[in-house]
Amino acid sequence: MKSRRIAFWILLVVTVAVYALMVNWTLPLIAGHADGLRPFDLKPIGYDYAEAKAFLTALTPEGAAFYLRVQHTLDSIYPALLAATLFFAIVMIAPKALGIWRWVIALIAIPGAVFDYLENAAVSAMIAAGPDGLTETEVAGASLWTVLKSAFDTIAFVVVLVFVVVWVFSRRGSSKAPGATPA
């Protein structure tokens, strides 16, 4: 059991490290190559054709290459890392009384990763098309993957948070000795 916890904490640290690299290095650098416009990955409620075209118009060739080469390399491992971290966090912290349902509930962590990979493929296609080759259908699809990724990741984080709250309250309740008087 102890080795599972150690493996989980290593997974969490690696996930946070990759996330930190993207949020503090690659995504700001890409925004800097796009006149400060936010990259697609940082638009959780999606974007429309005009926003996508404006971003791609502003994005320098160096920024586009960096987006595809470095950001998407990191983002090729991050969705799996995040899904695994959330999945195992739910399984570990959910009440044992839930039995097999802990594993079923933990599956909520998987769709976010799937949609993230679909988003990455769609963003790569938009960058390859450039502002002049961009289509409204292409943007609508990419934006949908972004919104779905964000929604499912948020749901999975909320599930983890709910189980953390349940765990904290159950620990507080079990730490009180029977018959003890409140202070």
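The values are calculated or read from the model by the stated rules, or taken from the named source; none is laboratory data. Given the structure is predicted, the values throughout are model-derived calculations rather than measurements. For neighbour counting, all protein chains shown are included, and Cβ atoms are generated from backbone atoms with ideal geometry for every residue, glycine included. These area figures cover heavy atoms from the full protein model, side chains too; ligands, DNA and RNA do not enter into them. Shrake-Rupley method; radii C 1.70, N 1.55, O 1.52, S 1.80 Å.
For the stretch 128-144, the tally of residues that are in contact with a helix residue (DSSP H, G or I) (Cβ under 7 Å, 6 or more places away or on another chain) and open to solvent by 20 Å² or more (accessible area, probe 1.4 Å) stands at 5.
When V147, V123 are screened for being buried (at least 18 other Cβ atoms within 10 Å of the Cβ), among the β-branched types (V, I, T) and either more than 23 Å from F8 (Cα to Cα) or touching a Ser or Thr at 6+ places or on another chain (Cβ under 6 Å) (or both), only V123 passes. Restricting to the stretch 24-44, and then to whatever is assigned to a helix (DSSP H, G or I) and among the aliphatic types (A, V, I, L, M), can you tell me which residue is nearest to A83 (Cα to Cα)? The residue in question is L42.
Applying the criterion of at least 3 residues that are over 12 Å from the mean Cα position of the chain (by Cα), in contact (Cβ under 8 Å) with a residue 40 or more places away in the chain and surrounded by fewer than 20 Cβ atoms within 10 Å (Cβ to Cβ) to the helices (runs of 4 or more DSSP H) found wholly in the stretch 45-118 leaves 49-58, 72-93.
Beta carbons closer than 7 Å, at least 6 apart along the sequence or on distinct chains, pair a first residue in the stretch 145-162 that is farther than 19 Å from V104 by Cβ with a second that is open to solvent by 80 Å² or more (accessible area, probe 1.4 Å) and at pLDDT 95 or above for V147/I45.
Looking across the stretch 1-23, the residues that are over 21 Å from Y117 (Cα atoms), open to solvent by 50 Å² or more (accessible area, probe 1.4 Å) and not in a loop (DSSP other than H, G, I, E, B) come down to K2, S3, R4, R5, I6, A7, W9, I10, V13. For the stretch 1-47, which residues satisfy the criterion of being of a type in the set (D, E, K, R) and touching a Ser or Thr at 6+ places or on another chain (Cβ under 7 Å)? The one that is of a type in the set (D, E, K, R) and touching a Ser or Thr at 6+ places or on another chain (Cβ under 7 Å): K43. Scanning the stretch 116-139 for residues that are among the hydrophobic types (A, V, I, L, M, F, W, C) and more than 16 Å from L42 (Cα to Cα) yields A125, A128, A129, L134. Taking only the stretch 130-144 into account, find how many residues are assigned to a helix (DSSP H, G or I) and in contact (Cβ under 8 Å) with a residue 40 or more places away in the chain. Total meeting the criteria: 8.
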